Amino acid sequence: MKSSSALISLAALLFFCSNIYAAVTASGAWVRGIVKGQTVTGTFMTLKSDEDTKLVSATSPVAGKVEIHKMEMKNDLMTMRPIDKLAIPAGTPVELKPGGYHVMLVDLKHTLVKGEKVPLTLVFESRGGARNTLAVTAEVRDLTAH
Amino acid sequence: MTETALFARWRHWLMAAALVLALPAWAGDNLFYGKDISDKGYGGDWRLTDHNGRKRTIADFRGRIVLIFFGYTHCPDFCPTTLVKMATVMKQLGPDAAKVQVLFVTIDPERDSEALLRNYVPVFDPSFLGLRGSDEETEKVTQDFKAHYQLMKYRGETLVDHTASGYLIDTKGKTRLLFSYTQTADQIAADVRTILAEG
């Protein structure tokens, strides 16, 4: 009886350990400014986590849809594709910057203006499958920012 | 002639020889940072409409150097970076910038209306011109430059692949150089100056 309860405690402990939320931070978040008529834009930032985790989705009240994109160059051919997840290894900052990854705001509900603060909710999934969210505020920069 | 004087004379020749040998390594395999495509049949007789509604062909830009690129305004990443790079080239050229025309050809004419190009392209430099055409005209201009593009629908979104290279057309309308996306503003400005110096 005693050993089985210890076993349950251990199992419970293991369960919770595997579901510990990674503490993720986002820094330097910015959104590329747009001109009237543009309906999409990219958001850039640096993500850092103390545990292995992955960015799996995002939402923002300014966009109908938010996606994680990867830009690649293959023999001078530019390709851009949505990806299902972006791995954030423990202790290694992952930069989302022009020429690589970005969080794409699709179907923008209004023309973003320079200086505007765009709220985003990023969803991360830990190794055990537990999900946690991070609220990020990204400032709108010039269209020509880089 | 003393031995020292002889060496001094030889030293000049040695230095000249070393410079000549070092030159190709410094400037790539030829005079340019960009790839020389003068004899590769790039260019052609494309026709497009600029962001002010004016019909354009390469003949309109005779006497100026043209830097032409393909892209689309819904590109959050690479296209603005290229246009910023071109604006840097113009700044570096100073007064010579007046002899250069940057053209941004949309490969997404369905979404890139004339008005959108008019709002977007001059943000980077007021002298830049956005060009668009019908689907056939767009197909034609990309073929003229042996460029590739592909628009795909995915989860209700348009995904675009396109050639990231840029092209330099000389003052006589001949396509001379191909720039890879890795080429810097300094290198492109240097090539523009080299071509301008040809007269």
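The values are calculated or read from the model by the stated rules, or taken from the named source; none is laboratory data. No experiment lies behind these values; they were computed from the predicted model shown. With ideal geometry, Cβ positions are generated from the backbone for all residues, glycine too; neighbour counts draw on all protein chains shown.
Only residues that are without any contact (Cβ under 8 Å) to a residue 60 or more places away in the chain and assigned to a loop (DSSP other than H, G, I, E, B): list them for segment B:41-57, please.
Hits for segment B:41-57 are B:Gly41, B:Arg54, B:Thr57.
Give the residues of segment B:171-183 that are under 11 Å from the mean Cα position of the chain (by Cα) and either facing chain A (nearest Cβ under 10 Å) or within 17 Å of B:Gln92 (Cα to Cα) (or both), sorted by residue number.
B:Leu178, B:Phe179, B:Ser180, B:Tyr181, B:Gln183
Would you check if B:Asp186 is more than 10 Å from chain A (Cβ to nearest Cβ), closer than 18 Å to B:Asn30 by Cα, of a type outside the set (Phe, Trp, Tyr) and in contact with a strand residue (DSSP E or B) (Cβ under 8 Å, 6 or more places away or on another chain)?
Here the answer is no, as B:Asp186 does not meet what is asked.
Can you tell me how many residues within segment A:122-146 are surrounded by fewer than 16 Cβ atoms within 10 Å (Cβ to Cβ), over 23 Å from A:Arg32 (Cβ atoms) and at pLDDT 95 or above?
1
Exactly one of these conditions fails for B:Phe70: (1) hydrophobic (A, V, I, L, M, F, W, C); (2) part of a helix (DSSP H, G or I); (3) within 10 Å of another protein chain (Cβ to nearest Cβ); (4) within 13 Å of the chain's Cα centre (by Cα). Give me its number.
(2)
State all residues of segment B:101-119 that are at the interface with another protein chain (Cβ under 8 Å from one of its Cβ atoms) and farther than 25 Å from A:Gly99 by Cβ; if no residue qualifies, say none.
B:Ser113, B:Ala115
Restricting the search to segment B:124-138, which residues are surrounded by fewer than 17 Cβ atoms within 10 Å (Cβ to Cβ) and either within 27 Å of B:Pro95 (Cβ to Cβ) or in contact (Cβ under 8 Å) with a residue 60 or more places away in the chain (or both)?
Taking segment B:124-138 and keeping what is surrounded by fewer than 17 Cβ atoms within 10 Å (Cβ to Cβ), we get B:126-127, B:134-136.
Those that are surrounded by fewer than 17 Cβ atoms within 10 Å (Cβ to Cβ) and either within 27 Å of B:Pro95 (Cβ to Cβ) or in contact (Cβ under 8 Å) with a residue 60 or more places away in the chain (or both): B:Pro126, B:Ser127.
Applying the selection to segment A:108-132, what residues are assigned to a strand (DSSP E or B), away from chain B (no Cβ under 14 Å) and out of contact with any Asp or Glu (no Cβ under 7 Å at 6 or more places or on another chain)?
Those that are assigned to a strand (DSSP E or B), away from chain B (no Cβ under 14 Å) and out of contact with any Asp or Glu (no Cβ under 7 Å at 6 or more places or on another chain): A:Pro119, A:Leu120, A:Thr121, A:Leu122, A:Val123, A:Phe124, A:Glu125, A:Asn132.
Sort out which residues of segment A:53-71 are out of contact with any Phe, Trp or Tyr (no Cβ under 8 Å at 6 or more places or on another chain) and in a strand (DSSP E or B), and write them in order of number. Reasoning before the result, please.
Taking segment A:53-71 first, the residues out of contact with any Phe, Trp or Tyr (no Cβ under 8 Å at 6 or more places or on another chain) are A:57-67.
Matches in segment A:53-71: A:Ser57, A:Ala58, A:Thr59, A:Ala63, A:Gly64, A:Lys65, A:Val66, A:Glu67.
Restricting attention to segment A:40-60, and to residues there that are touching a Pro at 6+ places or on another chain (Cβ under 6 Å) and over 10 Å from A:Leu105 (Cβ atoms), which single residue is nearest to the other protein chains (Cβ to nearest Cβ)?
A:Thr46
If only one of A:Leu77, A:Leu143, A:Leu105 is in contact with a Pro (Cβ under 7 Å, 6 or more places away or on another chain), within 11 Å of chain B (Cβ to nearest Cβ) and of a type in the set (A, V, I, L, M), which one is it?
Values: A:Leu77 fails: in contact with a Pro (Cβ under 7 Å, 6 or more places away or on another chain); A:Leu105 fails: in contact with a Pro (Cβ under 7 Å, 6 or more places away or on another chain).
Answer to the selection: A:Leu143.
Could you please give the count of residues in segment B:87-100 that are without any contact (Cβ under 8 Å) to a residue 60 or more places away in the chain, closer than 23 Å to A:Asp142 by Cα and more than 9 Å from chain A (Cβ to nearest Cβ)?
2
In the list B:Leu151, B:Leu159, which residue meets the criterion of being in contact (Cβ under 8 Å) with a residue 40 or more places away in the chain, surrounded by fewer than 18 Cβ atoms within 10 Å (Cβ to Cβ) and in a strand (DSSP E or B)?
B:Leu151
Only one of A:Arg141, A:Arg127, A:Arg81 is touching a Ser or Thr at 6+ places or on another chain (Cβ under 9 Å) and not polar (S, T, N, Q); which?
A:Arg127 is the lone residue from the list that is touching a Ser or Thr at 6+ places or on another chain (Cβ under 9 Å) and not polar (S, T, N, Q).
Does B:Lys91 satisfy the condition of being out of contact with any strand residue (DSSP E or B) (no Cβ under 8 Å at 6 or more places or on another chain), among the basic types (Lys, Arg) and either in a strand (DSSP E or B) or at pLDDT 95 or above (or both)?
Details: out of contact with any strand residue (DSSP E or B) (no Cβ under 8 Å at 6 or more places or on another chain): yes; among the basic types (Lys, Arg): yes; either in a strand (DSSP E or B) or at pLDDT 95 or above (or both): yes.
Judged against the criteria, B:Lys91 is a match.
Among the residues in segment A:88-99, are any of a type outside the set (Val, Ile, Thr), within 11 Å of chain B (Cβ to nearest Cβ), part of a strand (DSSP E or B) and free of Cβ contacts under 8 Å to residues at least 24 places away in the same chain?
no
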